[in-house]
1. Run through segment 149-220 and list the trypsin sites (Lys or Arg not before Pro) located in a DSSP loop whose Cβ has at most 16 other Cβ atoms within 10 Å.
2. Can you give the accessible area per residue of the chain, in Å², using a 1.4 Å probe?
3. Roll a 1.4 angstrom probe over the protein heavy atoms and tell me the percent of accessible area of segment 10-209 that is carbon or sulfur.
4. Can you give me the angle between helix 14-26 and the longest principal axis of the chain, using Cα atoms only, in degrees from 0 to 90, rounded to the nearest 10?
5. Any idea what the relative contact order of the chain is, in percent, if you count C-alpha pairs under 8 Å spaced at least 6 apart?
6. What full-extension length gain, to one decimal in nm, is calculated for Asp26 and Ala84 as 0.36 nm per residue of separation minus the Cα-Cα distance?
7. For segment 115-121, what does the Karplus curve 6.51 cos²θ - 1.76 cosθ + 1.60, with θ = phi - 60°, yield as ³J(HN,Hα) per residue in whole Hz, taken in order and with x for Gly and Pro?
8. Of the DSSP beta bridges with both residues in segment 10-209, give the percent that are antiparallel, rounding to the nearest 5.
Amino acid sequence: MRRELKTGIGMTSARTRERLLKRLRDSGIRDSGVLDAIRQVPRHLFVEEALASRAYEDIALPIGHGQTISQPYVVALMTQALCAGERLRRVLEIGTGCGYQTAVLACIADEVFTVERIASLYRQTRNRLFDLRYRNVQFLHGDGFAGWTDHAPYDGILATAAAETVPEPLLEQIGVGGRVVMPVGQDSTQRLVIVQRTAEGYERREIESVKFVRLMSGTS
Ligand code: SAH
C-alpha cells in the first residue's frame with residue numbers, strides 16, 4: 001500500500017506495536033481477543049500522515065472536524081467491557097470517526113454497524129475500511145441518538161462520544177444479555193458507563209473517568 005511505504009518501517013514495526021501491547025497489558029487489559037485486535041489493526045493508517053509516527057503511542061490524536069481518534073487504552077477498555085470475554089455477533093457503534101475503533105470491533109464481532117453524523121468523515125472512513133478489506137462493517141450517515149433500528153437487537157452498543165444520559169433508543173435496541181458501553185456526563189466529569197440488559201431490566205455500573213467529545217444532535 002502506497003501510504004504504508006511512505007510512512008516508513010520504524011513506526012509500523014512489530015516492535016513498536018508490541019510496546020503498545022505491553023503498555024495495555026500493564027494497564028490491565030487482559031482480553032486476548034481485544035489485544036490481538038489491537039495488534040492487527042494498523043492505527044498509523046487511520047491518522048494523517050504527519051501524525052503516523054505517533055500512532056502507536058497510547059494517546060488520542062486529532063482526526064479533523066474537531067474530533068479525535070481515541071487513545072488505544074480507552075479503545076481496548078471499552079471493547080473489553082463490551083464483549084466481556086465472549087464473541088459478539090452484532091455490534092452497533094455510534095461515532096465512526098476515523099474508523100479505528102470500528103476496525104477493532106470488526107476483528108472481534110461477526111458484524112459491525114456504525115453511525116456517523118458528519119458526512120465527509122462517514123465517506124472517508126467507509127472508503128478507508130473498504131480499502132483495508134474490512135468486509136463485515138456497514139456504515140450509516142445519521143444521528144446516533146436514534147441508534148440504527150434496522151439491524152436491532154444488538155449484542156453490544158458502543159458510543160465513542162459522550163451524552164448526559166444513555167439515549168433511550170440505544171437501551172431499546174440492545175438484546176437481552178447485551179450491553180451498552182458509553183461515556184456519560186458533563187464535559188469535565190464523564191464516566192465510562194456499562195448498562196447490561198437482563199430479562200428483568202437494566203443494570204448499570206461505572207468503570208472509569210474518561211474524556212470524550214460530545215454526542216451532537218442531527219447530521220452535518
Ligand atoms: N471512534 C472514533 C472516535 C471519533 S470522535 C475514532 O476512533 O476515530 C467521536 C465521533 O462521534 C466523531 O466522529 C463525531 O462526529 C461522532 N458523533 C458525534 N455525535 C454523533 C451522533 N449523534 N451520531 C453519530 N456520530 C456522532
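The values are calculated or read from the model by the stated rules, or taken from the named source; none is laboratory data. All values reported here derive from a predicted model rather than from experimental measurement. All Cβ positions, even for glycine, are placed from backbone atoms using ideal geometry, and neighbour counts span all protein chains on display. Remember, those area values only see protein heavy atoms, side chains included, never the ligands or the DNA or RNA. Shrake-Rupley method; radii C 1.70, N 1.55, O 1.52, S 1.80 Å.
1. Passing sites in segment 149-220 are Lys211.
2. Per-residue accessible area for the chain comes out at 47 Å².
3. Whole-percent figure for carbon plus sulfur exposure: 46.
4. Long axis of 14-26 versus the principal axis of the chain: about 40 degrees.
5. Worked out over the chain, it gives 15 percent.
6. So the extension gain works out to 19.0 nm.
7. Karplus values, whole Hz, x for Gly and Pro: 10, 10, 8, 8, 4, 5, 5.
8. 45 percent
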